[in-house]
Amino acid sequence: MSVLDITQIRSQFPILEEQVNGKKLVYFDNAATTQKPLKVIQALSDYYGHYNANIHRGIHFLAEKATMAFEDTRNSLKDFINAGKKEEIIFTYGTTDSINLVAQTYGRKFLKEGDEIIISNLEHHSNIVPWQMLCEEKGCILKVIPIDEKGDLRLDIFDELLSEKTKLVSVVHVSNALGTINPVEYIIQKAHDFGAKVLIDGAQASSHLTIDVQALDADFYVFSAHKFYGPTGMGVLYGKEDILNSMPPYRGGGEMIKEVSFEKTTYNELPYKFEAGTPNIADVVAVKYAIDFINEIGKENMAQYENELLVYASNKLAAIEGLKIVGEAKQKVSVLSFVIDGIHPQDIGVILDQQGIAVRTGHHCTQPLMKTLNILGTARASFAVYNTFEEIDRLAFGIEKVKKMVL
Ligand SMILES: Cc1ncc(COP(=O)(O)O)c(C=O)c1O
């Protein structure tokens, strides 16, 4: 059993004391966004209350303090994913923004007609649409790794899809809809055998798994702060230094330049070459505190506890007549998608909400996956480190109530 003091952890999240529809909130929508601990909320207010200033190039006290805090987060993120250098950490607005950056810079420069990009059937729309846009523009071909009936990738078919034409493989580390943990080490190694570059969408992995981009040998690794207890509007693009250096800039403007004249502009060094304009300073500063929160608990401890929650919830929900768990991959994080015979997922969500229980319902931005599974959508309960077994009991009780009301 987990050694964590969950009461103490919960006390760091003021939102967990909220009442919803007259009931104490049960927040099970963590795969959409996690709640924020006090130290993250405090960091935002400290920045605005005590050292708000634009960063870099400032010589006054506040500007230097803000710049140091901003760059401290870069160092924390470097350690968080074990990147080799802090210059390989590019601040973006989120996973979606990071993938678009790679598609529009690396993709537009290096991919040409007939080249192939491999994604998977588990992808979030963010890791589908940017590649479709690129394929439309450049005449590239998008190939898709299918899944088996449990929600695991068909690696045998992945092996067959790979060829000399494969230039890029872009796959999700952890599925937001089913919780599947993909064997990204294998995928990266195989893709590299064919000379293809690999992007890993780590949006869901960041809060559950220990990430080591050097051990993985990922070329790009992207994620969003709001999925790991940090603020919204802040994300990361990790890229290998030589690859980032070979890419043209994304957005033009202040900060990303070395020198500007009307005849010619030269660009800044990494990471600033990809960080045009005034960034989201307060949110970047606060991300360091989200990482501190995770490190104080320890990722392994978190993963162990969340897995206990997953096993408990899976057993409890599987015992409910008419309920089917969607996604039973060999390795999963604490994401539990389910459907109930004869009940629309949205009705499940609405009636649970009346009981103060927040789950997500619908296609989870994975419409092609829902089509493959031949369902409209699911109800999804996703657990974070502050959730409890009692809350899962409330969910099971709530689902019985949904059945009574609808069937
Ligand atoms: C697997 C996955 N990829 C990408 C995204 C997009 O992240 P963001 O909306 O923070 O850009 C999400 C968000 O739900 C996700 O779960």
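The values are calculated or read from the model by the stated rules, or taken from the named source; none is laboratory data. Keep in mind the model is a prediction, meaning the values are calculated, not measured. Virtual Cβ from ideal backbone geometry, glycine too; neighbours counted across all protein chains shown. We work out accessible area using only protein heavy atoms, side chains counted, and drop any ligands, DNA or RNA first. Shrake-Rupley method; radii C 1.70, N 1.55, O 1.52, S 1.80 Å.
So if I take the alpha carbon set of the chain, get Rg, then get Rh from the Kirkwood formula, what is the Rg over Rh ratio?
Numbers: Rg = 21.9 Å, Rh = 22.3 Å.
That ratio equals 0.98.
Could you grab the relative contact order for the stretch 161-292? Cα pairs under 8 Å, six or more apart, rounded to a whole percent. Can you show the working numbers first?
On the way: 203 pairs, mean separation 23.0, N = 132.
Reported as a whole number, the value is 17 percent.
Taking Cβ-Cβ under 4.7 Å as the only way to count a partner, pick out the unpartnered cysteines of the chain.
Cys365
What does the charge count near Gln35 come to, summing +1 for each Lys or Arg and -1 for each Asp or Glu among other residues with Cβ under 12 Å from its Cβ? Can you show the working numbers first?
Details: positive: Arg10, Lys36, Lys227; negative: Glu17, Glu18, Asp29.
So the environment of Gln35 carries a net charge of 0.
Along each of its three principal axes, how wide is the spread of alpha-carbon positions in the stretch 21-90, in whole angstrom units, largest first?
Extents along the principal axes: 52, 33, 15 Å.
Taking the Cβ of Ile89 as the center, what net charge do the other residues with Cβ under 9 Å away carry, scoring Lys and Arg +1 and Asp and Glu -1?
+2
With N denoting the number of residues in the stretch 177-244, provide Rg(C-alpha) divided by 2.2 N^0.38 Å, to two decimal places.
Details: Rg = 12.6 Å, N = 68, 2.2 N^0.38 = 10.9 Å.
In units of the globular-protein estimate, the stretch 177-244 measures up at 1.15.
Could you give the length gained by full extension between Lys401 and Lys264, i.e. 0.36 nm per residue of separation minus their alpha carbon distance, to one decimal place?
Values: separation 137, 0.36 × 137 = 49.32 nm, distance 6.73 nm.
Here the segment from Lys401 to Lys264 would lengthen by 42.6 nm.
Can you run the Rg to Rh ratio on the stretch 2-41? Use alpha carbon positions and the Kirkwood inverse-distance Rh. Numbers along the way, then the final one.
Details: Rg = 11.1 Å, Rh = 11.3 Å.
Expressed as Rg/Rh, it is 0.98.
Determine the equivalent ellipsoid of the stretch 250-324 by diagonalising the alpha-carbon gyration tensor, then write out the semi-axes as square roots of 5 times the eigenvalues, largest first, rounded to whole Å. Working shown, then result.
Details: eigenvalues 470, 61, 19 Å².
Semi-axis lengths for the stretch 250-324 are 48, 17, 10 Å.
Too long at a 23 Å Cα-Cα cut-off: which of Lys299/Lys330; Lys167/Lys264; Lys227/Lys401; Lys24/Lys401; Lys65/Lys227?
Details: Lys299/Lys330 20 Å; Lys167/Lys264 32 Å; Lys227/Lys401 30 Å; Lys24/Lys401 17 Å; Lys65/Lys227 27 Å.
Exceeds cut-off: Lys167/Lys264; Lys227/Lys401; Lys65/Lys227.
Can you bin the stretch 79-220 into rounded, prolate or oblate? Criterion: square roots of the alpha carbon gyration tensor eigenvalues sorted a ≥ b ≥ c, rounded for a/c under 1.5, prolate for a/b above b/c, oblate for the rest. Provide the component values of the computation, followed by the final result.
On the way: a/c = 1.41, a/b = 1.09, b/c = 1.28.
Note, shape of the stretch 79-220 comes out rounded.
Straight distance only, please: which aspartates and glutamates reach the Cα of Lys332 with their own Cα at less than 13 Å, same-chain residues fewer than 8 apart left out?
Asp152, Glu306, Glu308
How many Å² of accessible area per residue for the chain, probe 1.4 Å?
Values: 17380 Å² over 407 residues.
The answer is 43 Å² per residue.
Given a cut-off of under 8 Å on Cα pairs at least six residues apart, what relative contact order in percent is computed for the stretch 1-153? Mind showing how you got there, number by number?
Working: 120 pairs, mean separation 18.6, N = 153.
Relative contact order, the stretch 1-153: 12 percent.
How would you order 225-231, 280-286, 194-200 from highest to lowest mean count of nearby Cβ atoms within 10 Å?
Details: 225-231: 27.1, 280-286: 23.6, 194-200: 21.1.
Per-residue Cβ counts within 10 Å, averaged per peptide and sorted highest first, yield 225-231, 280-286, 194-200.
Between the stretch 49-93 and the stretch 133-210, what is the separation of their alpha carbon centroids in Å?
Centre-to-centre distance over Cα atoms comes out at 31 Å.
Tell me, what % of the accessible area of the chain is carbon and sulfur with a 1.4 angstrom probe?
Numbers: 8980 of 17380 Å².
It is 52 percent, rounded to a whole number.
Compute the signed sum of charges (Lys and Arg +1, Asp and Glu -1) over the other residues within less than 9 Å, Cβ to Cβ, of Phe338.
On the way: positive: Lys324, Arg380; negative: none.
My count for the surroundings of Phe338 gives +2.
With +1 on each Lys and Arg Cβ and -1 on each Asp and Glu Cβ, and nothing else charged, work out how big the dipole of the stretch 108-225 is about its Cα centre, in Debye to the nearest 20.
Numbers: 11 positive and 19 negative charges, 77 e Å.
Result for the stretch 108-225 is approximately 360 debye, rounded to the nearest 20.
Please state the shape class of the stretch 140-267: rounded when a/c is under 1.5, otherwise prolate if a/b exceeds b/c and oblate if not, all from the C-alpha gyration tensor. Intermediate values should be presented prior to the final figure.
On the way: a/c = 2.51, a/b = 1.49, b/c = 1.69.
Cα axes put the stretch 140-267 in the oblate bin.
Let me spell out the model: positive unit charges on the Cβ of Lys and Arg, negative unit charges on the Cβ of Asp and Glu, origin at the Cα centre of the stretch 118-168. What dipole size does that give, in debye rounded to 20?
Values: 6 positive and 10 negative charges, 43 e Å.
Dipole magnitude for the stretch 118-168 comes out near 200 debye.
Once the dipole of the stretch 1-109 is set up with Lys and Arg at +1 and Asp and Glu at -1 on Cβ about the Cα centre, which of Asn100, Ile59, Phe28 lies farthest towards its positive end?
Comparing the listed Cα positions along the dipole, Asn100 ranks first.
Checking the a/c ratio against 1.5 first, then a/b against b/c, what shape does the Cα gyration tensor give for the stretch 253-407?
On the way: a/c = 2.95, a/b = 2.06, b/c = 1.43.
Verdict is prolate for the stretch 253-407.
If contacts are Cα pairs under 8 angstrom and at least 6 residues apart, what is the relative contact order of the chain in percent?
23 percent
Per the helix-only calculation at 222 nm, which mean residue ellipticity applies to the chain, given -39500 (n - 2.57) for every DSSP H run of n ≥ 4 and division by its residues, nearest 500 deg cm²/dmol?
On the way: 14 runs with 155 residues, N = 407.
Taking each H run of at least 4 residues, the total per residue is -11500 deg cm²/dmol.
Expressed in nm², what is the orientationally averaged projection area of the convex hull enclosing the Cα positions of the stretch 207-306? Could the numbers behind the result be given before it?
Details: hull surface 30.1 nm².
Over every viewing direction, the Cα hull of the stretch 207-306 projects on average to 7.5 nm².
Cross-link candidates for Lys165: which lysines have Cα within less than 28 Å, leaving aside residues fewer than 8 places away along the same chain?
Lys109, Lys112, Lys138, Lys143, Lys190, Lys197, Lys240, Lys371
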